[in-house]
Each structure stands twice: as C-alpha cells, then as structure tokens.
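The values are calculated or read from the model by the stated rules, or taken from the named source; none is laboratory data. Since the model is a prediction, treat every value here as computed from it, not as a measurement. Neighbour counts are summed over all protein chains in view; Cβ atoms, including those assigned to glycine, are modelled from backbone coordinates with ideal geometry. Each accessible area value is taken on the protein alone, full model and side chains, heavy atoms only, with ligands, DNA and RNA left out. Shrake-Rupley method; radii C 1.70, N 1.55, O 1.52, S 1.80 Å.
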Amino acid sequence: MKLQQLRYIWEVAHHELNVSATAQSLYTSQPGISKQIRLLEDELGVEIFSRSGKHLTRVTPAGETIIKVAGEILKKVEGIKQIAQEFSNQKKGELSVATTHTQARYALPSIIRSFIQEYPEVSLHMHQGTPMQIAELAADGTVDFAIATEALEHFSDLVMMPCYRWNRCVVVPKNHPLAEKRKLEIEDLAAFPLVTYVFGFTGRSKLDEAFNEKGLTPKVVFTAADADVIKTYVRLGLGVGIIARMAYDPQADSDLVALDASRMFRPSTTKIGFRRGTFLRGYMYEFIHRFAPHLTRELVDEVVTKHTKAEVDELFKDITLPTY
C-alpha cells in the first residue's frame, strides 16, 4: 500500500469519479491512476469503486470506509509537513479560508490586507460558498478555516469559536414610505415586499424567527446570497431590503437609506471553525487573532481541549464579543 494510491482514491472520489479530471488536477496520467487503484484493490482484496466497462460508476460500501480513512491519513501527512515547515520557516506556507460573500466582501478585506503585509510568503486562498459548503470544506480538510454564521454547528469534527455579533439593517430608496420612519416595527416590514438573503445564508433564520414570533408572514419576493445583489434589486424598486448591517456602505450606498433593525431581530454570531486535529501554524493563530482579537493563542489552544458545546460556551461566558 502506497501513500500515492491513497491520494488517488481520495481525489477520484472528490472529482465525481472522473479519472481524467483527477489526472489533470494531479498532473499525471489517467492510465497511471487507474493502474494504481487496481493494484490497491488487488492488495486489499476488495473493490473500492464499482465499474461499468472502463468507467467508475460508484463507490462501494467498503470503498466509502477506505476512502474516509485515506482522507484521515492524508490529513495527518499534511500535518507532518506543516510541523516541519513551522520549524524550518515560520512565515512561509499556505492558508485557505472558506467563507460567504458577506464575510469576504465586508468583514475580511482589512484583515487580509494586514495579514499579507505581515506574512508576504504565505499564499492565501479564499473559497466562497453556502454555509453548508463552507462547513463541509473545513470538515473534510479541504480548507484550513471556515468563517460563517450558519451551518458550522452541524459538524461535530469542527472546533468552533465565536468571533463577533452582528445585526441587520433595512435599506430602501430615499423616496420610499419607510425612509422617514423613526421607529421601525416588524409590522411595518410585513406590509411591504421584501428582498433578503436565501434561507441558510447570513443569519436568515433569525429574520424568519422574528416574523414567526409575531404571527406574521413576510412577503419575500426575491432572495439572493449576495448583499450587493439585494441592494441592486432594492434600487430597482423590487422591495424593501434586509441585509447585514456591515454590508451597508454610507458612501457607496448613499442613494439608499439604512434603517436600524436591531430592535426587531436577535443578533447573529459569526464563528470561525477548523477541523479537530489540525496542526495550527504560528501564522494561523495570528490570522484568527487578527479576525477576532479576543481569540488569543492560549484561548484557542484551550478551546481545542473541549469536546462539547457547553464546555466551549463556558470559556466564552465572560467574554464580551464585538458587535457590528
């Protein structure tokens, strides 16, 4: 059994069983991959993939378990490499972050700029997706960190830490009936068509909870994953926008009026998560600390020792999170 063979089955499984695409991504030949997979199956005495002719059709039950363990082994190997790099060059390496558009567009730019200035030899890669995709990328080790508000709690293999709280604002054109409203109520919003986030994105669940508690049904006419798209359709007169407060830029969005909505909706908490067992290099601790200053190296290390949400919550009970 060779490490290369484990990498091949892992990559094939994560390229939708497309051996050709896997070969291209690994800069090797398709016949070479197919041969190594066959050799591994012969050695183990089980099929990892079912076939129809020359094409792989599905992962076998045995293959599912083998591929999962292979992923764990490959992650451990990567950890060994990172340990060596940490001692050979503490400021050189890679860092991959998965997050949503709102975080990437509004919360992270200044953090990333200062981080790159301090660590110019660290290659930083950003992946954007849905909260569920983000959590999955961190859980399977594809990325180092996941930053999101929703979905992280569904993955028990993730170490999660609260970074900051945030709430929403309502955005309308300057000539809209709500523009001059001094004290906005949720009943006011229920009277208008709404433009907001897709369910599962950027704290959308808190919005739905607020309407349900009042026995109201919001008239959501358009949803998007991107706050900039939401604002575009507000400008077109499609409806009243509800976005993360951080996504309103007083200069770029000067044609819109932002109304505070914090009284109507419970705040949401953005968290950063990484796969349990991940070896954190020095610059990784630094990235976490820059994004959430209360997350010191000592606190992060202590969180890693906890295994339940209650234990983690206990660590943060006396820490006041920043609010945006």
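First compute the accessible area of the chain with a 1.4 Å probe, then give the percent of it belonging to carbon and sulfur atoms. Could you put the intermediate results ahead of the total?
On the way: 8500 of 16640 Å².
Percent of accessible area from carbon and sulfur atoms in the chain: 51.
Suppose R0 equals 41 Å. What FRET efficiency, 1/(1 + (r/R0)^6) with r the Cβ-Cβ distance, do LYS54 and ASP140 give to the nearest 0.05?
Details: r = 28 Å, r/R0 = 0.68.
With a Förster radius of 41 Å, E is 0.90.
For the chain, what is the accessible area per residue in Å² when the probe is 1.4 Å? Walk me through the numbers on the way to the answer.
Details: 16640 Å² over 324 residues.
Accessible surface, normalised per residue, equals 51 Å².
Round to the nearest 10 and report in Å² the accessible area of SER114, as given by a 1.4 Å probe over the protein chains' heavy atoms.
40
Checking the a/c ratio against 1.5 first, then a/b against b/c, what shape does the Cα gyration tensor give for segment 188-237? Walk me through the numbers before you get to the answer.
Values: a/c = 2.89, a/b = 1.34, b/c = 2.16.
Here segment 188-237 falls in the oblate category.
Once you have the Cα-Cα distance between THR269 and LEU238, take 0.36 nm times their residue separation minus that, and quote the gain in nm to one decimal.
Numbers: separation 31, 0.36 × 31 = 11.16 nm, distance 2.88 nm.
In short, 8.3 nm is gained.
If one computes the Cα centroid of segment 105-162 and of segment 213-237, what distance in Å separates the two points?
26
Once you place label points 7 Å from the Cα toward the Cβ at SER114 and LYS174, how far apart are they in nm?
Label-label distance for SER114 and LYS174, simple model: 3.4 nm.
Within segment 56-77, find all residues whose amide N lies under 19 Å from a label point positioned 7 Å from the Cα of LEU3 along Cα-to-beta-carbon.
Residues passing the 19 Å test: 67-77.
With both bridge residues required to lie in the chain, what share of the DSSP beta bridges run antiparallel, to the nearest 5%?
Numbers: 24 of 42 bridges.
The antiparallel proportion sits near 55 percent.
Within the P(r) computed for segment 1-107, what percentage of the Cα pairs occupies the region above 24 Å? Write down the numbers at each step before the final one.
On the way: 2146 of 5671 pairs.
Every Cα pair in segment 1-107 considered, those over 24 Å come to 38 percent.
Shape verdict for segment 76-134, please, from the Cα gyration tensor: rounded (a/c under 1.5), prolate (a/b greater than b/c) or oblate. If you can, show how the numbers build up before the last one.
Working: a/c = 4.21, a/b = 1.48, b/c = 2.85.
Oblate shape, in that a/c is at least 1.5 and b/c is the bigger or equal ratio.
Considering only DSSP beta bridges with both partners in segment 1-129, what is the antiparallel share in %, to the nearest 5?
Among the beta bridges of segment 1-129, antiparallel pairing accounts for roughly 35 percent.
For segment 98-227, count the residues as N, evaluate 2.2 N^0.38 Å, and divide the Cα radius of gyration by that value, please. Before the final figure, lay out each step's value.
Numbers: Rg = 17.7 Å, N = 130, 2.2 N^0.38 = 14.0 Å.
Working it through for segment 98-227, the quotient is 1.27.
Go through SER156, SER110 and list them by solvent-accessible area, largest first, probe radius 1.4 Å. Walk me through the numbers before you get to the answer.
Numbers: SER156 105, SER110 65 Å².
From most exposed to least exposed: SER156, SER110.
Once you've got the Cα coordinates, tell me which of LYS183/LYS214; LYS206/LYS306; LYS2/LYS81 are over 21 Å apart.
Details: LYS183/LYS214 17 Å; LYS206/LYS306 27 Å; LYS2/LYS81 17 Å.
The pairs that break the limit, which is 21 Å between Cα atoms, are LYS206/LYS306.
Rounded to the nearest 0.05, what FRET efficiency do THR296 and ALA84 have when you use their Cβ-Cβ distance and R0 = 35 Å?
Working: r = 25 Å, r/R0 = 0.72.
Calculated transfer efficiency: 0.85.
5 Å is the cut-off here: which amide hydrogens, built 1.01 Å from N in the peptide plane, fall below it relative to ILE272, excluding neighbours closer than 5 in sequence?
MET161, CYS163
Pick from LYS231, LYS206, LYS174 the residue whose mean-square fluctuation is largest in a GNM of the chain, springs joining Cα atoms under 10 Å.
Maximum fluctuation in the GNM of the chain, among the listed residues, is at LYS174.
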